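The block underneath contains the structure these notes are about, expressed in structure tokens.
FYI, it's all coordinate maths here, none of it is from the lab. Please read these numbers as outputs of a predicted model, since none were measured by experiment. Here the Cβ positions follow ideal geometry from the backbone for every residue, glycine too, while neighbour counts run over all protein chains shown.
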Amino acid sequence: DTGVSQDPRHKITKRGQNVTFRCDPISEHNRLYWYRQTLGQGPEFLTYFQNEAQLEKSRLLSDRFSAERPKGSFSTLEIQRTEQGDSAMYLCASGNSGSRQETQYFGPGTRLLVL
Amino acid sequence: QQQVKQSPQSLIVQKGGISIINCAYENTAFDYFPWYQQFPGKGPALLIAIRPDVSEKKEGRFTISFNKSAKQFSLHIMDSQPGDSATYFCAASFRSNDYKLSFGAGTTVTVRA
């Protein structure tokens with residue numbers, strides 16, 4: 001399967017715990033985006049990488065959130081001291097800065113439930 | 001502040017009927033308008049997309065109509081099938097913003113057999 005993959009698919013945690021999600025983009029894609037989707041809403045942009053550089057972070061991304069893409073390939077999104085309001089689907093998408101740069105392909109998402 | 005407004009929130013259509021979903025935007029910088037289809041528990045899948053230099057794009061049973069002056073675009077699903085039952089999201093992005101997507105709130109389509 002050469003699509004975007006995310007791990008884990010589901011995560012249940014207790015309030016105050018730290019969680020980390022992983023995204024593996026399509027191999028030739030140099031852009032990687034993170035979005036968050038709450039129930040009944042469309043995805044909202046969180047942050048974006050081109051290669052290993054994090055180019056933008058949304059106001060939605062509080063100080064408890066950090067994302068990395070150390071070698072310009074896979075990315076991780078960490079949430080520290082989780083809160084119940086963090087419960088959502090976290091989506092990763094990848095794209096290319098070259099041809100068809102407007103197109104993003106989404107992974108299956110990681111559904112987080114904070115108890 | 002939602003940059004793309006989508007309606008209706010949900011719709012029910014009979015098999016073989018036409019589903020129509022509408023979206024409106026304010027930011028005239030947007031230059032790419034994709035539609036995504038999402039099934040429960042899955043990530044959004046790109047369905048069809050349009051740029052503002054054309055007024056209509058058709059791919060199979062799916063058609064986007066685009067009205068640049070009204071800043072509106074719509075998705076038409078012809079000959080709707082039960083397998084089309086899903087949530088549909090319109091979105092918009094632009095090049096100088098590195099194509100970060102702004103999504104509508106979604107429309108849940110139910111196709112009755």
Practice problem: Treating cross-link reach as a plain straight distance, find the lysines whose alpha-carbon is under 25 Å from the alpha-carbon of residue B:57, omitting any fewer than eight places away in the same chain. | Solution: B:5, B:15, B:68, B:71, B:100
Quiz item: Rounded to the nearest 20 Debye, what is the dipole magnitude of the protein assembly as shown about its Cα centre when Lys and Arg each give +1 and Asp and Glu each give -1 at the C-beta?
Solution: 400
Quiz item: Residues of B:91-98, mean number of Cβ from any other protein chain within 10 Å of their own Cβ, rounded to a whole number?
Solution: 3
Quiz item: With charges only on Cβ, +1 for K and R and -1 for D and E, what is the dipole size of chain A about its Cα centre, in debye, rounded to 20?
Solution: 340
Practice problem: Over the whole of A:42-49, what's the average partner chain Cβ count within 10 Å per residue? Rounded to a whole number, please. | Solution: 5
Quiz item: For the pair residue B:81 and residue A:27, what calculated FRET efficiency results from E = 1/(1 + (r/R0)^6), where r is the Cβ-Cβ distance and R0 = 35 Å, to the nearest 0.05?
Solution: 0.55
Exercise. Before anything else, pin down the relative contact order of segment A:1-64: Cα pairs under 8 Å, at least 6 apart, normalised by residue count, whole percent.
Key: 22
Quiz prompt | chain B - charge dipole about Cα centre, Lys and Arg +1 at Cβ, Asp and Glu -1, debye rounded to 20 | solution = 100
Self-check item: Counted charge near residue B:103, where neighbours are those whose Cβ lies closer than 12 Å (Asp, Glu -1; Lys, Arg +1)
Solution: +2
Self-check item: Normalised contact order of chain A, rounded percent, pairs of Cα under 8 Å and 6 or more residues apart
Solution: 36
Quiz prompt | Around residue A:104: net Lys/Arg minus Asp/Glu count, Cβ-Cβ under 12 Å | solution = +1
Self-check item: Candidates B:37, B:72, B:14: whichever shows maximal mean-square fluctuation once chain B is modelled as a Gaussian network with Cα springs under 10 Å
Solution: B:14
